[in-house]
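Single-structure report; data block below.
The values are calculated or read from the model by the stated rules, or taken from the named source; none is laboratory data. Not measured: the values here are computed from a predicted model. Neighbour counts run over all protein chains shown; Cβ positions are idealised from the backbone, glycine included.
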Amino acid sequence: MISLPDTLAAPGVDLHMHSTASDGALSPAALMALCQSRGLTHVALTDHDSVAGVAAAAAAAERLGLTLLPGAELSVQWRGLTVHVLGYLPEGALAPMREGLAAQAEAREARNLEIARRLEAVGLDDALARARAGVTEERPLGRPDFARALVEAGVVPDIAAAFKRYLGAGKRGDVKMHWPYLGEALGWIRASRGVAVLAHPLRYKLTRRKRGLLLDDFAAAGGEGAELLSGFQNPDETRDLARQLAERGLLASRGSDFHFPGGPLAPGTVSDAPRTPVTPLWHHPSLAAFAGRVGRASPN
Ligand code: AMP
Ligand code: MN
Ligand code: MN
Ligand code: MN
């Protein structure tokens with residue numbers, strides 16, 4: 001068992017990835033195999049609003065000798081914006097979290113009806129059926145499924161254009177209002193003795209001041225960390241974010257937000273860690289077993 005380092009410079013760790021249990025392209029088992037082939041040792045599965053892939057990922061991780069941390073990426077609302085919260089669940093999802101995830105699935109169903117209605121108004125007939133077509137998994141749909149439907153119907157040339165014109169922030173198909181408030185979702189995570197981490201704080205197009213407010217509210221609601229390293233980012237912004245985390249005593253995490261092979265990001269891909277001192281998420285007492293600090297049998 002490998003113990004994790006005391007800094008975020010830990011190339012074997014990726015704590016943010018998606019599978020076919022949400023909008024990822026790989027099954028949980030195929031994702032774990034890819035992680036292992038890339039030399040990762042400690043990984044988290046964080047599907048959108050779901051832990052449905054965790055059992056299959058755990059079985060594959062065990063076979064492959066990977067250490068898996070169960071998780072989910074929750075969509076929540078904060079001051080009228082949608083932000084994402086990673087809930088890490090070393091003990092699994094207990095009842096309040098399970099109920100919360102069921103509510104998230106319902107929120108998605110309601111939201112999908114509204115997204116479909118709005119896309120039909122711009123000429124995508126039977127939008128819901130088109131988005132559902134080709135999705136073989138039993139999972140709630142999301143905006144990427146509508147993006148694919150728009151491409152297949154020839155309304156837009158590619159997925160990027162679908163988000164740019166119809167589904168991205170502030171566009172017609174960006175339906176808000178269905179998500180729980182930040183504090184409510186953090187309650188589900190805490191009731192599972194989990195650890196709440198703010199996902200990709202640099203991706204919300206916030207000013208530094210407003211990002212500080214988000215981090216303040218997040219910490220006040222019981223959030224304990226934030227993703228300092230998420231995929232590719234600007235080193236100056238990373239350093240600035242590191243300071244904002246250090247000021248608040250928030251732990252720092254790293255994750256690729258991997259969705260599909262063939263793009264620029266692969267499991268384990270993040271920008272370099274800044275020199276600003278921060279404490280890695282895996283120092284959290286609840287993650288000691290994950291980090292290989294306790295409870296390990298001696299080699300035999
Ligand atoms: P939803 O969870 O239904 O709100 O869908 C959000 C997901 O859409 C994100 O997690 C990404 O996987 C994907 N997404 C968001 N913006 C874009 C974009 N501009 N291009 C491609 N995919 C995107
Ligand atoms: Mn996604
Ligand atoms: Mn996200
Ligand atoms: Mn994600």
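Figures for the structure shown
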| quantity | calculated |
| --- | --- |
| Selection from segment 80-109 of residues that are assigned to a helix (DSSP H, G or I), within 16 Å of ligand 4 (Cβ to nearest atom) and aliphatic (A, V, I, L, M) | L101 |
| Residue satisfying condition, being under 30 Å from P96 (Cα atoms) and assigned by TED's automatic domain parsing to the domain that holds V195, within set A33, A61 | A61 |
| Test result for A30, more than 16 Å from ligand 4 (Cβ to nearest atom), at negative phi, surrounded by fewer than 18 Cβ atoms within 10 Å (Cβ to Cβ) and in a loop (DSSP other than H, G, I, E, B) | no |
| Residues located in segment 77-100, provided they are surrounded by fewer than 19 Cβ atoms within 10 Å (Cβ to Cβ) and within 16 Å of ligand 2 (Cβ to nearest atom) | T82 |
| Subset of segment 234-272 (residues that are touching a helix residue (DSSP H, G or I) at 6+ places or on another chain (Cβ under 8 Å), more than 16 Å from ligand 3 (Cβ to nearest atom) and among the small types (G, A, S)) | G249, A252, A266, G268, S271 |
| Some residue of segment 50-66 being within 16 Å of ligand 3 (Cβ to nearest atom) and either of a type in the set (D, E, K, R) or not in a loop (DSSP other than H, G, I, E, B) (or both) | no |
| Residues located in segment 124-149, provided they are more than 16 Å from ligand 4 (Cβ to nearest atom) and of a type in the set (G, A, S) | A127, A129, A131, A133, G134, A149 |
| Residue in segment 246-253 that is in a strand (DSSP E or B), at pLDDT 95 or above and among the hydroxyl-bearing types (S, T, Y) present | yes |
| Helices (runs of 4 or more DSSP H) wholly inside segment 120-225 containing at least 2 residues that are within 20 Å of M97 (Cα to Cα) and of a type outside the set (D, E, K, R) | 182-191, 208-220 |
